[in-house]
Structure formats: C-alpha cells, structure tokens
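**Q** Please see the structure below; I have some questions.
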Amino acid sequence: MSSASPQSETDVCLISGFYMSGCCRSEVYLTSGQPKPNCPACGNAAEWIVMTRSGGDPRRHPRLGDSNQTLFAECAVVNGNRSAEARILNFSRRGMAIEFPTPAPVFAEARLYIEGFAAPVAGVIRHCTQRGEAYVLGMEIPRDWNVELLQQRLKNPRPQ
C-alpha cells in the first residue's frame with residue numbers, strides 16, 4: 001500500500017492543457033478547475049508543469065471518425081459507473097474519445113464493450129471535459145485492439 005499523500009483540495013488546474021509531473025515526467029491533460037492528481041507513475045503528490053505545444057496535433061496516431069454519429073459501445077464501465085449511453089466520438093491505435101453521461105476522474109479505469117469484439121477495450125481516462133449534459137472522456141489504450149473493426153463500421157454504418 002502506498003503512503004503517498006493526496007494533493008491538497010485547493011490545488012486545481014488554472015489553465016486547460018497538457019501537464020507533466022515534475023517527479024516522473026508523466027504527461028496528462030487537465031481541464032481548468034480540475035483538481036491536480038497525484039503522479040500516475042509513482043502515486044506521490046506531484047508538482048505539475050504546464051506543457052507548451054507548438055505546431056500541429058501532438059498525437060502519435062491519427063484520430064479517425066471525428067464527429068461520427070454512428071459508433072456506440074454496447075456498454076461502458078468507467079470508474080465503476082456502468083452506462084449503455086457511450087458514443088465513440090473518435091479513436092486511434094492508442095486512444096479514444098467517448099461521450100459519457102457522468103464525469104470520471106483522471107486515471108480512472110475504463111472498459112468499453114463493443115459488439116463484435118471478443119473482449120472489452122480497456123484503458124485509462126486521461127481527461128474529462130463537460131460538453132452540454134454529457135462528458136467527453138479521453139481514454140488512453142495501452143495495448144493493441146481491433147481498431148480496424150471500428151474503421152469498417154465508419155465506412156459501412158449499420159442501420160439504426
């Protein structure tokens with residue numbers, strides 16, 4: 001069991017953006033007003049350094065399916081909260097943005113059960129942003145998964 005102390009309640013992110021922990025150099029995306037988490041690598045309270053980025057999209061893998069209206073998970077479990085209302089907004093080999101009815105903390109576990117997949121797509125929440133009545137959750141996927149199946153569904157959407 002870790003003896004790490006949690007961040008103070010008043011230590012919140014002032015500006016939305018990418019941050020890096022001073023201890024382990026772990027990167028996260030934080031939204032303005034969100035409490036700064038402990039370092040994901042060591043679990044200790046961390047000093048967070050805002051990252052300035054220039055140029056284009058810093059992602060290593062291109063996002064597919066931006067603004068799609070057809071991709072849904074049969075069920076999503078995020079931080080223990082289960083919902084049949086999870087729309088897949090976009091995805092890549094190592095990440096996915098989903099629309100979820102409730103907020104989720106950064107570093108929460110997430111599992112999406114998608115029709116046609118033998119196992120759920122599992123990952124970790126890296127950011128959470130409110131959009132209207134729902135929340136957009138950015139999920140990092142650490143292992144290979146069947147991204148090609150979702151690409152096929154974008155090209156040939158199923159009738160609703």
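**Q** About its Cα centre, what dipole magnitude does the stretch 72-155 give when the only charges are +1 on Lys and Arg Cβ and -1 on Asp and Glu Cβ, stated in debye to the nearest 20?
**A** Values: 10 positive and 9 negative charges, 39 e Å.
Value, rounded to 20: 180 debye.
**Q** What nm distance separates the two modelled labels at Glu85 and Glu27, each placed 7 Å from Cα along Cα→Cβ?
**A** It is 3.3 nm.
**Q** Still on this structure: Using modelled amide H (1.01 Å from N, peptide plane; none on Pro or chain starts), what sits under 5 Å from the amide H of Asn146, excluding residues fewer than 5 places away?
**A** none
**Q** Can you list residues whose amide H is under 5 Å from Val12's amide H, if they're 5+ apart or on another chain and H is modeled 1.01 Å from N?
**A** Lys36
**Q** Right, next: Please give the contour-minus-distance gain from Thr70 to Glu109: 0.36 nm per residue of separation, less the Cα-Cα distance, rounded to one decimal in nm.
**A** Values: separation 39, 0.36 × 39 = 14.04 nm, distance 2.43 nm.
Once the chain is fully extended between Thr70 and Glu109, it gains 11.6 nm.
**Q** Enumerate the amide H contacts of Met51 below 5 Å, restricted to partners 5 or more residues apart or on another chain; note that Pro and chain-start residues carry no placed amide H.
**A** Placed amide hydrogens put Phe18, Tyr19, Met20 under 5 Å from Met51.
**Q** Taking the number of other C-beta atoms within 10 Å as the exposure measure, put Ser26, Ser83, Ser32 in order starting with the fewest.
**A** Working: Ser26 17, Ser83 14, Ser32 11.
Ordered by Cβ neighbours within 10 Å, fewest first: Ser32, Ser83, Ser26.
**Q** Mind checking the alpha-carbon convex hull of the stretch 72-155 and giving the volume per residue in Å³? Don't skip to the answer; put the middle values down first.
**A** Numbers: hull volume 6.9 nm³, N = 84.
Taking the convex hull of the Cα positions in the stretch 72-155, it is 82 Å³ per residue.
Only the coordinates and a few stated rules stand behind these numbers; no lab work does. Note that this is a predicted model, so its numbers are computed, not measured. Here the Cβ is made from the backbone with ideal geometry for all residues, glycine too, and neighbour counts use every protein chain on show.
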